[in-house]
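Encoded as structure tokens, the structure appears first; notes follow it.
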Amino acid sequence: MNALKALLVGLILLAGQAALAQTATDQPNGTIAADSQSTPDAAIENRMRAILDEIGGYGDVTITVNSGVMTLRGETAETADAIELTALAARIEGVVQVKNEVQATADISRRLDPAVDRLEARVLQLLAALPLFLVALVVFALIVFIGLSISRLKQPWERLAPNAFIAQIYRQIIRLLFIIGGLVIALDIMGATALLGTILGAAGIIGLAIGFAVRDTVENFIASVMLSFRQPFRPNDVVEVEGHEQGKVIRLTSRATILLSFDGNHIRIPNAIVFKSRITNFTRNPERRFLFEIGVASDADLAAIRKLATQVVADLAFTLPEPEPLVWIDRIGDGAIFLTVTGWIDQRETSLPRARGEALRQVKNAIEAAGVEVPDTTYRVQVMGGNLINVQETEEDAPTADPETPALDVDPGDPDPVDATNEDALDRIIDDERQDEKRSDLLSEDAPTE
């Protein structure tokens, strides 16, 4: 057994020696020869000195080379010049390592010399490029002048635009296009078109920042443009913008819509609100319906009363035959049954509130003439002994006329005037205000409406 173990150990040792011998034969075993053509230390030093003399500014730098190791000592005018020496020396053939011990000088005068030299060089470059710059400036000014001249023309901008505001926008676009075109051509003449991308990028960033800052103003401006195209109303139109008082349109400016209320007040609504809101135009359709409510006694013949009210409204001179008047029983209220009465008028000739009032008077007179009571459903509150008591008004409670007061000499049957003279007066006020040419107006009578 021991002999077997010794035999196995011997075989393992022989195998290991064989493997080591094979590995040794795979490695190169020749001597390393030096390059017979390598540059000597003196040649390296001379080559580096020649390069530095040609570059200039390294007069105080000393160079020593020993066994391919280059050592640089001395001072330079700037720190960047000292750092660049390492990369420059490493490129010379035969240099094994570079020791850069060069530092920037502390002498103020020497530190200023490179800056002065660069300034002089740039002044000389500017003087050399001055004729070309003047040519580019003249070309730019000529192109901009042509663009401004075209934009000042009345035609074709006023013919293409629906109003003066849009025409002015067209002119601004033309000016901007010519300015950008002139700038591109001028930079191309000077060989500096690369600056255009930087300029446009900066302009885009600035424009984005300004857009966020004046977002409401931009929204209002865009709404003004859209309203000037859409023209949802005309001057003197009676409109109601959602959430705002009803009034007549005076003008549409680049910022707001100006209305004149029936009380004579100016209403200024921002165009952004007008554009997004519901607009009710009461003037667009000449035919307009008036409506009122009247109550009758609960024991009255409602069918007969409804027929009577319809006939009375239809017989009024200002009521249109088409659409025909309508009367319907609306509801049962306190002490009366209420009917709703409607009729149509031509609002260009008839005042709506006057027509409604006159129709109400005539219907009331006709119902009372037929022997049907039109009850008074109002109540008065009297304070008696500190208690509140609801007392229905009766004939005894009604105030009596002063016997010394003369009676009105008016026939109840005579019709009241219902012409639109009051609206005509408002129209004259609006027309007078629109005559002021100093105030901009985007509304045009010739522009299409939606």
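Can you pull out the residues in the range 215-230 that are under 9 Å from the mean Cα position of the chain (by Cα) and surrounded by 12 or more Cβ atoms within 10 Å (Cβ to Cβ)? Even if it seems obvious, please write down each step before you answer.
From the range 215-230, those under 9 Å from the mean Cα position of the chain (by Cα) are 215-223; that's our starting set.
Listed by number, the residues that qualify are Thr217, Val218, Glu219, Asn220, Phe221, Ile222, Ala223.
Of these, Ile345, Ile273, Ile279, which one is in contact with a Phe, Trp or Tyr (Cβ under 8 Å, 6 or more places away or on another chain) and open to solvent by 30 Å² or more (accessible area, probe 1.4 Å)?
Numbers: Ile345 fails: open to solvent by 30 Å² or more (accessible area, probe 1.4 Å); Ile273 fails: in contact with a Phe, Trp or Tyr (Cβ under 8 Å, 6 or more places away or on another chain).
After applying the criteria, what remains is Ile279.
Any chance you could count how many residues in the range 231-269 are open to solvent by 10 Å² or more (accessible area, probe 1.4 Å) and among the hydroxyl-bearing types (Ser, Thr, Tyr)?
Total meeting the criteria: 2.
Taking the range 425-450 as the search range and keeping residues that are among the aliphatic types (A, V, I, L, M) and surrounded by 11 or more Cβ atoms within 10 Å (Cβ to Cβ), which one is modelled with the lowest pLDDT?
Ala447
Does any residue in the range 311-335 that is within 20 Å of Glu287 (Cβ to Cβ) come within less than 7 Å, Cβ to Cβ, of a residue that is open to solvent by 80 Å² or more (accessible area, probe 1.4 Å) six or more places away or on a different chain, and which pairs are these?
Listed by first residue and then by second, the contacts come to Ala314/Glu324; Val327/Arg306.
For the range 282-295, how many residues meet the condition of being surrounded by fewer than 14 Cβ atoms within 10 Å (Cβ to Cβ) and either without any contact (Cβ under 8 Å) to a residue 40 or more places away in the chain or in contact with a helix residue (DSSP H, G or I) (Cβ under 7 Å, 6 or more places away or on another chain) (or both)?
Summing the residues that are surrounded by fewer than 14 Cβ atoms within 10 Å (Cβ to Cβ) and either without any contact (Cβ under 8 Å) to a residue 40 or more places away in the chain or in contact with a helix residue (DSSP H, G or I) (Cβ under 7 Å, 6 or more places away or on another chain) (or both) in the range 282-295 gives 1.
Could you please give the count of residues in the range 54-81 that are hydrophobic (A, V, I, L, M, F, W, C), more than 16 Å from Leu112 (Cα to Cα) and at pLDDT below 85? Talk me through it step by step, then tell me what you get.
Initially, the range 54-81 is screened for residues hydrophobic (A, V, I, L, M, F, W, C), giving 55, 61, 63, 65, 69-70, 72, 77, 80.
When the remaining residues are screened for being more than 16 Å from Leu112 (Cα to Cα), the result is 55, 61, 63, 65, 69-70, 72.
Subset that is at pLDDT below 85: 55.
Of the residues in that region, 1 qualify.
Of the conditions (1) open to solvent by 40 Å² or more (accessible area, probe 1.4 Å); (2) assigned to a loop (DSSP other than H, G, I, E, B); (3) among the β-branched types (Val, Ile, Thr), Thr319 fails just one. Which one is it?
The single condition Thr319 does not satisfy is (1).
So, of the residues in the range 322-371 that are basic (Lys, Arg) and outside any strand (DSSP E or B), which turns out to be nearest to Asp301 (Cα to Cα)? Steps first, please.
From the range 322-371, those basic (Lys, Arg) are 331, 348, 354, 356, 361, 364; that's our starting set.
Among the residues that remain, those that are also outside any strand (DSSP E or B) are: 348, 354, 356, 361, 364.
Details: Arg348: 37, Arg354: 29, Arg356: 24, Arg361: 20, Lys364: 15 Å.
Taking the candidates together, the pick is Lys364.
The values are calculated or read from the model by the stated rules, or taken from the named source; none is laboratory data. All figures in this text were calculated on a predicted structure; none of them were measured in a lab. Note that each Cβ is placed from the backbone with ideal geometry, even for glycine, and that neighbours are counted across all protein chains shown. Side chains are part of the model used for accessible areas, which takes the heavy atoms of the whole protein and leaves out ligands, DNA and RNA. Shrake-Rupley method; radii C 1.70, N 1.55, O 1.52, S 1.80 Å.
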